[in-house]
Amino acid sequence: MRSTTEESDNRVIMVRDLEMRYGSYLVMSKLNFDVLRGEIKVIMGGSGCGKSTLLRHLIGMEFPTRGSIVMLSQKVSPDDAALTRLRHRFGVLYQGGALWSSMTLAENVALPMETFTRMGRKEIAEVVAFKLALVGLSGFGDRYPAELSGGMRKRAGLARAIALDPEILFVDEPSAGLDPLSARRLDELILALRDSMKTTVVIVTHELDSIFTIADTALFLDAESKTAIADANPNELRNGTADAPERVRTFLRRGAAPQFLAQAEEIDYD
């Protein structure tokens, strides 16, 4: 069992009493959770519960009404210089890949290195080739995003997100718009990258297959109570060995039947 001291030293994200609002509308309040180094933390919950809003707060696109987010021992704040330094230490895979359509894949992946490092062109080209190979896109560097399938664009976006060898990788709905086979391959790729690069991963998703495949822990945001009502291993939440309200177990059990995994169809769990 991990001691309290070891766990504290291992925390790369600490969220305390976080409140998120849009004007007078309360999205979530009293959020308290940690993300440990090397784990895959899934943020889950029904539609409209605030999953993507929480992600935007974590990466400094929005800021809390109350409470705090400490990442890699630094508070996430509107201070532009501090936030820029922090952003060099994490990567983001956006839901649609967010690739520049006028750039080739190689140019997209090279952009963070050209912008934030002093690496030479030859070194950047070598790193780009390596990152594309890591995500299974070796030889596709001269292609444009429009020439690729949805799954390939997601993998290209992932290559760009890991261009600077981030300590933390944030992923927004990785399976959105993908067929079941492509979604499963992307899950396997995220696991492989976590293991090979020792990167901490925070993922927003509502896809139960992904949650059970990749998550070490899952934070359940509840739209009814407007806070997190569970934070544990998803299998333990589902089978009742971790403490959680019944609606969390119901949410997780709706995709637990083996036949769901065998069917090549999309199921709306929200």
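Quick look at the values:
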read-out	value
Tally of residues being free of Cβ contacts under 8 Å to residues at least 12 places away in the same chain, polar (S, T, N, Q) and within 17 Å of VAL27 (Cα to Cα) across the stretch 51-95	0
Among the candidates THR53, THR84, residue that is loosely packed, with under 14 Cβ neighbours inside 10 Å, part of a helix (DSSP H, G or I) and either touching a strand residue (DSSP E or B) at 6+ places or on another chain (Cβ under 7 Å) or among the hydroxyl-bearing types (Ser, Thr, Tyr) (or both)	THR84
Neighbours by Cβ (under 6 Å, 6+ apart or cross-chain): first from the stretch 106-127, of a type in the set (A, V, I, L, M, F, W, C); second surrounded by fewer than 17 Cβ atoms within 10 Å (Cβ to Cβ)	MET113/MET119; PHE116/HIS88
Residue within the stretch 23-31 that is under 21 Å from the mean Cα position of the chain (by Cα), among the hydrophobic types (A, V, I, L, M, F, W, C) and under 19 Å from TYR94 (Cβ atoms) present	no
Looking only at the stretch 93-142, and only at residues there that are of a type in the set (Val, Ile, Thr) and outside any loop (DSSP other than H, G, I, E, B), the one that is farthest from ASP165 (Cα to Cα)	THR115
Any hit, the stretch 182-189, residues being in a loop (DSSP other than H, G, I, E, B) and crowded, with 16+ Cβ neighbours inside 10 Å	no
Residue, farthest from GLY23 (Cα to Cα), within the stretch 56-72, restricted to residues that are of a type outside the set (A, V, I, L, M) and outside any strand (DSSP E or B)	GLY60
Flag for MET152 being crowded, with 18+ Cβ neighbours inside 10 Å, free of Cβ contacts under 8 Å to residues at least 24 places away in the same chain and not assigned by TED's automatic domain parsing to the domain that holds ALA192	yes
Given (1) assigned to a helix (DSSP H, G or I); (2) of a type outside the set (A, V, I, L, M, F, W, C); (3) in contact with a Phe, Trp or Tyr (Cβ under 7 Å, 6 or more places away or on another chain), number of the condition PRO78 does not satisfy	(1)
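The values are calculated or read from the model by the stated rules, or taken from the named source; none is laboratory data. As the structure is a prediction and not an experimental result, all values here were calculated from the model. Here the Cβ is made from the backbone with ideal geometry for all residues, glycine too, and neighbour counts use every protein chain on show.
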